[in-house]
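Below you'll find the structure, written out as C-alpha cells, and then a few comments.
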Amino acid sequence: MKSEPRHFEKWVSWTKELGLGLDFNPTCFSHPKSADGFTLSHPNSDIRSFWIEHCKRARKVGEYFGKETGQTCITNVWIPDGFKDVPVDRLGPRKRLEAALDKVFAEKIDERYNLDAIESKLFGIGSESYVVGSHEFYMGYGLTRNKLICLDAGHFHPTEVVSNKLSALSIFANGMLLHEPSCTLGQRPCCYAR
C-alpha cells in the first residue's frame, strides 16, 4: 500500500480535537525492501526508486497535516543505511544518497505546511562500521539544500555533546530539529530557528 493523506484522516481528526499538530517521518525500515540494510543509498536503482517515491509521499502527508491542523508539520527523514563490516567504497553510497535526496525534495512544498528535516546516526545494529547518513554528510547536505538538521542526543559518540553542535550550526543553519530520545509519547520535538 502506498501512503497517501487519506490514510491519516483519523490522525488528523484526533489531533484537531486536541488542538495539536503532527510531525511525520517516512519510516524507511521494517520493510522487505530494507532487509539488507539499505534504502535511499541502495545500489539497486529499483529499490532506491521505491524509497524515493515513499519519501516523496511522506512529504505530501506532512503537507496535508500542516494544512489540516494549521500547524507546520516537520517531516524528518532518517534511513538505516550502512555496513556492519568495513566497506571499501565509502563515497559511492553517499553519492547515491545525495542524488536520491535531491529527487525526494525536488517538489517544492509551502513551508507554512511542511518543513523537511534530515537526521544522522553514528551507528546502528547491522551498521556498526559505516553509516551512509553520518552527521558530516547531513550537515553538508542540510546547509547546502536549506533543510533542517536533526540533532538527536542519542545519535552521537558518548564524548560528543549536542550543545557543541547546536552552537556551531546556529551560525550557519536557518533552523534545526532537536530530538531527545527519551521523549514521552505524544511530545513533538522542538524546532530551533535563529
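The values are calculated or read from the model by the stated rules, or taken from the named source; none is laboratory data. Not measured: the values here are computed from a predicted model. For neighbour counting, all protein chains shown are included, and Cβ atoms are generated from backbone atoms with ideal geometry for every residue, glycine included. For the accessible areas, the whole protein counts, side chains as well, though only heavy atoms, and no ligand, DNA or RNA atoms are used. Shrake-Rupley method; radii C 1.70, N 1.55, O 1.52, S 1.80 Å.
The table that follows gives values for the structure above.
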read-out	value
Pairwise label distance in nanometres, Gln71 with Ser129, each label 7 Å out on the Cα-Cβ vector	4.4
Spin-label pair Lys10/Thr159, simplified geometry with 7 Å Cα→Cβ offset, distance in nm	4.9
Estimated translational D of segment 86-165 in µm²/s (Stokes, Kirkwood radius over Cα pairs; 25 °C; 0.890 mPa s)	176
Whether segment 6-97 is rounded, prolate or oblate, judged on the alpha carbon gyration tensor where a/c under 1.5 counts as rounded	prolate
With every protein chain in place, segment 7-153: carbon and sulfur % of accessible area (1.4 Å)	55
Heavy-atom accessible area per residue - the chain, 1.4 Å, Å²	55
Selected from Val104, Val161, Val61 as most flexible by GNM, with the chain as the system and alpha-carbon contacts under 10 Å	Val161
Exposure of Arg6 as accessible area (Å², to 10), given a probe of 1.4 Å and all protein chains	140
Cα pair distances in the chain, grouped into 10 Å bins until the bin that holds the longest one, percent each	9, 36, 38, 16, 1, 0
Between segment 104-165 and segment 1-75, the Cα center-to-center distance that results, in Å	17
